[in-house]
Amino acid sequence: MAKARVYVTLKKSVFDPQGKTIHDALATMGYRGVADVRQGKFFELALDGLSADAARTTAEDIARKVLANPVIESYRVEIEP
Amino acid sequence: MRIGVVTFPGSNSDHDAYHVVKHVCGQDARFVWHKDSDLGDLDAVILPGGFAYGDYLRTGAIARFSPVMRSVTEFAKKGGPVLGICNGFQILQEAGLLPGAMLRNRSVKFLSQPVHVRVERDDTVVTGGVPVGTVLTMPIAHGEGNFYLPDDDLDRLEGEGRVIFRYTTRDGRLDEAANPNGSARAIAGVCNAGRNVVGLMPHPERAAEAEVGSADGRRLFEALIGVLQRA
């Protein structure tokens, strides 16, 4: 069974209010050198009976159609055969 | 004339919208379950506010795949009037019937408060007969209402006259302090190219009788009914 990991993040051009809030909190806690924080989503898909290539195609299709909203988000897919 | 109100699992303003159509405006209304795919006799459809599917994944992201949405899309493409309120607006965005996407509010807080919105266009199915510049007071209740589109797309949207409502002060002035959620260009509502699909974040159905603090929202329902009566 192939495993697909899908990472969805706000596009770089899109302001991330949650990441900003976490960033501010880290500064308050005294962490130095944290230049930026971006929050995202992580999905693990267990894909039955698919080759690594087919699993990638399927996972990318799912990411594009459902997991990410292309207006504000981009995604990245990793396959573990 | 009959107006349909769609109920998704997690809708919470469906009864308010039904009440306004039926009892405040005195028109025929019926609920449409999200698994029903037949809109049948309906002349207009309202997608109400709430938290369809618990807002899992993203607001409206799962609801857009409900069977009823295929029919709503067909209905909209044929020119049928569709009004999306709050979560209904978000569902229409996810379905690709309205532009933009909602980011988390700038304050990262859920906001439940009255706001003032200025009517920018009087040529849509819910603003016909409401003069441009009219300021309406209605409540918002959302965590993700921060309207976003890239700048180029915003320019195009404005050029096409598709920004229908903007957050303003009580006297209709643009002011960042009056923009509750950080929406790009203070946008509170937009329409599609055909001007028959409109979405807005404030809740007109919760401000349609003086007893609840404002009756301004009723004007949008009356405008919609007027459009249907003239059709």
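The values are calculated or read from the model by the stated rules, or taken from the named source; none is laboratory data. Note that the structure is a prediction, hence the values are computed from the model and not measured. Don't worry about glycine lacking a Cβ; one is built from the backbone with ideal geometry, like all the others, and counts go over all protein chains shown.
Determine whether B:ALA61 is in contact with a strand residue (DSSP E or B) (Cβ under 6 Å, 6 or more places away or on another chain) and of a type in the set (Gly, Ala, Ser).
Values: in contact with a strand residue (DSSP E or B) (Cβ under 6 Å, 6 or more places away or on another chain): no; of a type in the set (Gly, Ala, Ser): yes.
For B:ALA61, the condition - in contact with a strand residue (DSSP E or B) (Cβ under 6 Å, 6 or more places away or on another chain) and of a type in the set (Gly, Ala, Ser) - is not met.
It is to be established whether one or more residues within segment B:68-83 are farther than 15 Å from B:TYR148 by Cβ and part of a strand (DSSP E or B).
So far as segment B:68-83 goes, yes, one or more of its residues are farther than 15 Å from B:TYR148 by Cβ and part of a strand (DSSP E or B).
So that you can scan it fast, the table gives a plain yes or no per residue for (1) part of a helix (DSSP H, G or I); (2) modelled with pLDDT under 95; (3) of a type in the set (S, T, N, Q); (4) surrounded by 16 or more Cβ atoms within 10 Å (Cβ to Cβ):
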site	(1), (2), (3), (4)
A:LYS12	no, yes, no, no
A:HIS23	yes, no, no, yes
A:THR28	yes, no, yes, no
A:ARG32	no, yes, no, no
A:THR57	yes, no, yes, no
A:VAL66	yes, no, no, yes
A:VAL77	no, no, no, yes
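The residue that is nearest to the other protein chains (Cβ to nearest Cβ), among those in segment B:122-155 that are part of a loop (DSSP other than H, G, I, E, B) and either touching a Ser or Thr at 6+ places or on another chain (Cβ under 6 Å) or at positive phi (or both), is B:GLU144. Restricting attention to segment A:12-26, the residues that are in contact with a strand residue (DSSP E or B) (Cβ under 9 Å, 6 or more places away or on another chain), facing another protein chain (nearest Cβ under 9 Å) and charged (D, E, K, R) total 1. Do the conditions hold for B:ILE46, that is, is it within 17 Å of the chain's Cα centre (by Cα), β-branched (Val, Ile, Thr) and not in a strand (DSSP E or B)? Taking the combined requirement at face value, the residue does not satisfy it. Return a yes/no flag: does segment A:27-39 have any residue that is within 14 Å of chain B (Cβ to nearest Cβ), within 30 Å of B:ALA184 (Cα to Cα) and of a type in the set (Gly, Ala, Ser). No: zero hits.
Restricting attention to segment A:38-55, which residues are more than 20 Å from B:TYR148 (Cβ to Cβ) and part of a loop (DSSP other than H, G, I, E, B)? Those that are more than 20 Å from B:TYR148 (Cβ to Cβ) and part of a loop (DSSP other than H, G, I, E, B): A:ASP48, A:GLY49, A:LEU50, A:SER51. Only a single item in (1) within 14 Å of chain B (Cβ to nearest Cβ); (2) part of a strand (DSSP E or B) is not met by A:TYR7, and it is number (1). Take the conditions (1) within 12 Å of the chain's Cα centre (by Cα); (2) within 14 Å of chain B (Cβ to nearest Cβ); (3) more than 24 Å from B:ARG104 (Cβ to Cβ); A:LEU45 misses just one of them, which is (1).
May I ask you to verify whether B:HIS203 is within 14 Å of chain A (Cβ to nearest Cβ) and not charged (D, E, K, R)? It is false that B:HIS203 is within 14 Å of chain A (Cβ to nearest Cβ) and not charged (D, E, K, R).
Does B:LYS109 fit the bill of being in a loop (DSSP other than H, G, I, E, B) and either buried (at least 24 other Cβ atoms within 10 Å of the Cβ) or within 14 Å of chain A (Cβ to nearest Cβ) (or both)? Spell out how you get there, then give the answer.
Numbers: in a loop (DSSP other than H, G, I, E, B): yes; either buried (at least 24 other Cβ atoms within 10 Å of the Cβ) or within 14 Å of chain A (Cβ to nearest Cβ) (or both): yes.
Yes.
Considered as a group, the residues in segment B:59-93 that are charged (D, E, K, R) and under 26 Å from A:GLU73 (Cα atoms) include one that is nearest to the other protein chains (Cβ to nearest Cβ), and that residue is B:ARG64.
Restricting to segment B:88-99, and then to whatever is in contact with a Gly (Cβ under 9 Å, 6 or more places away or on another chain) and of a type in the set (Gly, Ala, Ser), can you tell me which residue is farthest from B:ALA178 (Cα to Cα)? Working first, answer last.
First, pick out the residues of segment B:88-99 that are in contact with a Gly (Cβ under 9 Å, 6 or more places away or on another chain): B:88-95, B:97-98.
Cutting the leftovers down to of a type in the set (Gly, Ala, Ser) gives us B:88, B:95.
Values: B:GLY88: 23, B:ALA95: 29 Å.
Within segment B:88-99, the match that is farthest from B:ALA178 (Cα to Cα) is B:ALA95.
Look through B:VAL115, B:VAL119, B:VAL135, B:VAL163 and report the one residue that is free of Cβ contacts under 8 Å to residues at least 60 places away in the same chain, touching a Phe, Trp or Tyr at 6+ places or on another chain (Cβ under 8 Å) and surrounded by 15 or more Cβ atoms within 10 Å (Cβ to Cβ).
Values: B:VAL115 fails: free of Cβ contacts under 8 Å to residues at least 60 places away in the same chain; B:VAL135 fails: touching a Phe, Trp or Tyr at 6+ places or on another chain (Cβ under 8 Å); B:VAL163 fails: touching a Phe, Trp or Tyr at 6+ places or on another chain (Cβ under 8 Å).
Exactly one of B:VAL115, B:VAL119, B:VAL135, B:VAL163 is free of Cβ contacts under 8 Å to residues at least 60 places away in the same chain, touching a Phe, Trp or Tyr at 6+ places or on another chain (Cβ under 8 Å) and surrounded by 15 or more Cβ atoms within 10 Å (Cβ to Cβ), namely B:VAL119.
Step by step: first the residues of segment B:1-43, then only those that are of a type in the set (Gly, Ala, Ser), within 25 Å of A:VAL66 (Cα to Cα) and outside any strand (DSSP E or B), then the one that is nearest to the chain's Cα centre (by Cα). Which residue is that? Here the residue is B:GLY10.
In the set (1) hydrophobic (A, V, I, L, M, F, W, C); (2) surrounded by fewer than 20 Cβ atoms within 10 Å (Cβ to Cβ); (3) closer than 22 Å to B:GLY50 by Cα, B:ALA208 fails one condition alone, (2).
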